[in-house]
Structures are given as C-alpha cells and as structure tokens.
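The values are calculated or read from the model by the stated rules, or taken from the named source; none is laboratory data. Note that this is a predicted model, so its numbers are computed, not measured. Reconstructed Cβ throughout: ideal geometry from the backbone, glycine too, with neighbour counts over all protein chains shown.
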C-alpha cells in the first residue's frame, strides 16, 4: 500500500485544492508525487500541455509515485488520518518533470569542492503558471525558458562561464 503523510491540515488543504483543480481541468488526470526530504511535490499535466505543480510539507511512500488525481482527491477529502492512501500506483509517469534541483545541486557541489561559501539564494527562480500568464509562453523557445528562467544561462551567469 502507498502512504501519503502531510505535515498538518493546512498542507492537506493546499494539496487538496491543487488536486481538485487538476480534476476539474482533466477528470482522468494523473498526479506524480515526489518526496525530497520533507517536501512533497505533486505534478500534473494539463489539457493545454503545461505541467502544473504544488509543493507541500509531507512525504510519500514510495518516494516517487504516480496516481489517479481523482483517487488522490478522494483520499484527501475522505480520510482524515495524518497518513492516507493516495490510491494505487499506476506505473510510470509519461514524460519528464523540470529539473527543479539539478542546477542548484551542481552549484552547491561546485562551491563545496572549491571551498567557496554556499549561497542561500541563487536568484535563479521558477515560474508559476496561471490563467493570466499561460498565454505568454513561447513554445518555440527552449523548454527550460518556460519556467520563468533559462536555468542553464542563469547558472552560467552566476558562475561567470559560457558568456
């Protein structure tokens, strides 16, 4: 059995609201759950070829799991225990999710190896997709730029290379 544990009721409500929106957009949608430390990130594909995501304080067992959005929503709404069953895992996620931590991990690793001080904030951000900004995405641009920043260029600028 899979298990989803959220830090508190506000985290449950936050994930529930996100999942409800996903189901409203696409009743047969899938949600990919990923645990990194005490952060649980939910990913969902939308009918207009955009990934939506929400991160909350919590964990999932197994650490990566893909479930039906409707099953997750039902579990969050009906089960009131701290740990709930998010629904049966349905196999592999179709596609990739953006590399949320890859460039940041490489940056921190390089800093440790070179004896440099780690940064608290690299100033390389992400983008939240909303109904107001979804039309501004240039689909002919590299996918890395869709999230509000070109990670590669942002970190290369931070590192002072490739310019």
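Going through segment 38-53 one residue at a time, which ones are assigned to a loop (DSSP other than H, G, I, E, B) and more than 19 Å from residue 131 (Cα to Cα)?
38 - this is the single residue of segment 38-53 that is assigned to a loop (DSSP other than H, G, I, E, B) and more than 19 Å from residue 131 (Cα to Cα).
If residue 62 satisfies every condition in (1) surrounded by 13 or more Cβ atoms within 10 Å (Cβ to Cβ); (2) farther than 28 Å from residue 136 by Cα; (3) touching a residue at least 24 places away in the same chain (Cβ under 8 Å); (4) out of contact with any strand residue (DSSP E or B) (no Cβ under 7 Å at 6 or more places or on another chain) but one, which is the exception?
With (1) surrounded by 13 or more Cβ atoms within 10 Å (Cβ to Cβ); (2) farther than 28 Å from residue 136 by Cα; (3) touching a residue at least 24 places away in the same chain (Cβ under 8 Å); (4) out of contact with any strand residue (DSSP E or B) (no Cβ under 7 Å at 6 or more places or on another chain) applied to residue 62, the lone miss is (1).
Looking only at segment 19-37, count how many residues are surrounded by fewer than 18 Cβ atoms within 10 Å (Cβ to Cβ) and assigned to a loop (DSSP other than H, G, I, E, B). So that I can check it myself, show each step before the final result.
Pass one, segment 19-37, residues surrounded by fewer than 18 Cβ atoms within 10 Å (Cβ to Cβ): 20-21, 24-28, 36-37.
Then keep just the ones that are assigned to a loop (DSSP other than H, G, I, E, B); that gives 26-28, 37.
Counting residues in segment 19-37 that are surrounded by fewer than 18 Cβ atoms within 10 Å (Cβ to Cβ) and assigned to a loop (DSSP other than H, G, I, E, B) gives 4.
Do we find that residue 80 is at pLDDT 75 or above, part of a loop (DSSP other than H, G, I, E, B) and in the same structural domain as residue 15 (by TED's automatic domain parsing) in this structure? First the steps, then the outcome.
Details: at pLDDT 75 or above: yes; part of a loop (DSSP other than H, G, I, E, B): yes; in the same structural domain as residue 15 (by TED's automatic domain parsing): yes.
Yes: the conditions hold for residue 80.
Run down 99, 86 and say which single residue is surrounded by 13 or more Cβ atoms within 10 Å (Cβ to Cβ), modelled with pLDDT of 90 or more and part of a loop (DSSP other than H, G, I, E, B). Walk me through how you get there before you give the answer.
Numbers: 99 fails: modelled with pLDDT of 90 or more.
Every option except 86 fails the conditions.
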